[in-house]
Amino acid sequence: MLTKIRVGIIFGGRSAEHEVSLRSAKSIFEAIDKEKYQPVLIGIDKTGKWLVNGQQQTLLNTENPKFFKLNKESSQNVTIVPQTDGGMVNLDSRQTENKIDIFFPVLHGPFGEDGTVQGLFKLANIPFVGAGVLGSAVGMDKEIMKRLLRDAGIPIAKFLTVREGNVPKYEEAVNIIGQPFFVKPANLGSSVGVTKVHNKTEYQNAIEEAFKYDRKILFEEFIKGREIECSVLGNDNLVASVPGEIIPNHEFYSYEAKYIDENGAILEIPANLSNNVVKEFQELAIKTFKTLACEGMGRVDFFLKNNGDILVNEINTIPGFTSISMYPKLWEASGITYTELISRLIELAIERFEKEQKLKTTVIEVIKTLPVPFYSQSWDLSNWKNLGYKSYKDAKYWEESSCGILCLKMAMDYFLTQQGKPLSPSISDLIKEGVKLSAYTHEQGWSHAGLKRLSEKLGFSAELKANVTPQDLRNMIYNNRIPIVSIKWAFKNEKSLKEKLLFWKKYGGHLATVVGYKGNDEKPEGLYVHHTSIRPEYNWHYRYIPVEEFEAAFTGRCITIAKN
């Protein structure tokens with residue numbers, strides 16, 4: 001049975017959209033594919049505390065949207081920190097627990113949709129659904145978003161940025177953007193703090209309402225026309241849904257119309273548009289998504305004017321996921337169910353994370369090699385008597401069988417040279433000593449355990465290792481230990497995979513000595529090896545092997561040699 005991926009659905013937050021987020025989290029929790037994923041609800045209260053409870057106890061009053069709230073009474077207070085590999089730290093017990101494999105943030109508004117929590121996930125090196133830090137930040141700040149869209153040649157409505165202390169007179173605002181117009185917080189969504197201003201009497205109250213939620217507010221031109229929305233999905237290969245239309249039963253698509261009043265608006269999905277216009281909306285949605293550096297998901301909101309002109313209103317990088325939300329409904333109409341959509345978003349997050357893990361994190365190319373002597377396996381057998389062998393045939397046999405003992409001699413002589421001591425015994429003497437210790441048998445050749453016994457008898461420290469990674473080998477070299485690795489076939493072997501596997505099955509593989517690495521401190525790009533062979537062309541001295549090629553031949557087993 002495959003282990004389920006633990007998905008941390010993180011919701012709530014220090015935002016005026018807190019209650020909206022609770023509804024989104026509930027919907028995702030109910031719809032996620034529980035055959036593949038184990039959802040973990042992580043609520044953030046309005047003071048910023050992260051809370052975990054039993055799944056059925058995290059949310060209260062779920063049947064009544066007006067009284068929906070986070071259960072704070074019996075929850076555990078947790079957080080995530082870098083270097084915990086996805087583990088959440090219980091702030092009461094100080095223990096790391098409940099490892100999360102991937103986060104699915106549904107934190108609408110500031111402190112969740114604006115790049116802040118995305119930055120935390122990046123620091124903790126945990127994959128997460130949706131836009132990254134930059135896409136989230138520019139998608140949240142409506143002023144910056146509109147400036148980027150305008151500079152990219154994407155049509156938008158007129159707007160005016162207003163900060164405390166420089167509020168224009170009503171007449172000045174009307175002269176720039178016309179009348180009526182909208183006043184809204186620059187960094188908020190879900191129509192929170194938004195007022196439609198029709199006259200001077202409403203102007204001051206609208207400004208005060210918007211400034212309750214942000215220190216920067218926008219005045220936006222009122223566009224008479226249809227409200228069209230289009231969902232976007234993907235990282236590099238983007239797709240857009242069929243467009244849908246919002247037909248508000250309120251004066252505009254307010255917070256109450258979106259989330260409280262089920263009759264607050266009519267959602268016409270798909271929108272009644274010609275095929276050419278649908279294509280135009282889809283292309284503009286994808287262009288907007290790219291311009292704002294978004295990833296994963298986004299819902300682009302448009303105005304369709306009576307004369308046929310299309311204007312982009314804004315993008316939502318964490319659109320609502322409630323039962324009446326437009327983003328999942330548009331995908332359902334496009335052929336992707338709610339459950340499939342959640343799975344697709346998780347897969348996109350993992351895909352992006354895996355690509356990012358392969359990026360270099362330093363411009364300094366680290367190459368470290370140790371001055372390990374090299375002894376070839378191609379001998380001059382005409383001198384077999386002086387080499388200490390009983391016959392030419394005996395010498396030939398040991399030449400073909402000397403790989404393991406040569407690797408060990410290289411490692412031992414490296415340390416002896418560093419200490420200014422005489423080199424280890426000759427190959428023939430080492431072979432004789434190894435045979436006495438049963439380090440070598442005709443059936444199995446040189447065993448790791450046998451080489452360990454021999455090296456220890458000669459005064460060296462040795463350890464047998466299994467499930468070793470290239471990173472582990474890099475650390476051994478860094479700590480001045482020489483790994484003798486077991487490989488299935490020679491690196492850079494031009495034979496087919498079938499021929500390589502037959503070689504491994506017949507001869508039980510080969511040994512090589514790792515003598516260096518290339519790459520940064522965390523992730524080697526490749527390893528340097530001494531590789532011996534009876535074939536002269538395969539006697540390699542400091543041969544560089546890229547890590548992917550090394551892993552293909554490496555069995556994961558090695559013996560490490562160090563001085564005592």
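Table for the structure above
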| item | result |
| --- | --- |
| Computed log₁₀ I(q)/I(0) - Debye formula, equal Cα scatterers, no solvent, region 158-222, q 0.16, 0.28 Å⁻¹ | -0.41, -1.37 |
| Calculated log₁₀ intensity ratio I(q)/I(0) where the Debye formula runs over C-alpha points of the chain, q = 0.10, 0.13 Å⁻¹ | -0.86, -1.19 |
| Label point distance in nm, V277-R215, each placed 7 Å from Cα along Cα→Cβ | 4.3 |
| Rg over Rh [alpha-carbon atoms, Kirkwood Rh] for region 281-387 | 1.49 |
| Segment E268-Y542, length gained on full extension (0.36 nm per residue, minus Cα span) | 91.9 nm |
| Charge tally in the Cβ shell below 10 Å around P185, where Lys, Arg are +1 and Asp, Glu are -1, P185 excluded | +3 |
| Mean Cβ neighbour count within 10 Å, used as a protection proxy, ranking 29-39, 418-428 highest first | 29-39, 418-428 |
| Relative contact order, percent, the chain [alpha-carbon distance under 8 Å, six or more residues apart] | 11 |
| Neighbour-count ranking [beta-carbon atoms within 10 angstrom, fewest first] of V514, V162, V485 | V162, V485, V514 |
| Peptide ranges 448-457, 432-441 listed from the most packed, as the mean C-beta count within 10 angstrom indicates | 448-457, 432-441 |
| Over region 367-563: Rg over Rh, Cα atoms, Kirkwood Rh | 0.95 |
| Computed E for T47/Q179 - FRET, C-beta separation, R0 35 angstrom, nearest 0.05 | 0.30 |
| Residue order, fewest to most beta carbons within 10 Å, for I545, I207, I318 | I207, I545, I318 |
| Rg and Dmax of region 390-449, Cα atoms only, in Å | 12.4, 37 |
| Helical contribution to [θ] at 222 nm, DSSP H n ≥ 4, -39,500 (n - 2.57), averaged over the chain, rounded to 500 | -9500 deg cm²/dmol |
| Cβ-Cβ FRET estimate between E347 and Q419, R0 fixed at 45 Å, reported to 0.05 | 0.25 |
| Contact order relative to length of region 225-359, as percent, for alpha carbon pairs under 8 angstrom and 6 or more apart | 28 |
| Relative contact order for region 158-222, counting Cα pairs under 8 Å that sit 6 or more residues apart, in percent | 46 |
| Two-site label geometry, Y392 and K4: point separation in nm, points 7 Å out along Cα→Cβ | 7.1 |
| Using θ = phi - 60° and Karplus 6.51 cos²θ - 1.76 cosθ + 1.60, couplings along region 111-117 (whole Hz; Gly, Pro as x) | 6, x, 9, 9, x, 5, 6 |
| Residues with amide H under 5 Å from that of F111, placed H, sequence gap 5 or more | T116 |
| ³J(HN,Hα), Karplus 6.51/-1.76/1.60, whole Hz, each residue of region 292-302, x for Gly, Pro | 8, 6, 8, 8, x, 9, x, 10, 9, 9, 10 |
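Each value in this text was obtained by applying a stated rule to the coordinates, not by laboratory testing. Everything numeric here is computed off the predicted structure, so don't read it as measured data. As a convention, Cβ positions derive from the backbone with ideal geometry for all residues, glycine included, and neighbour counts pool all protein chains shown.
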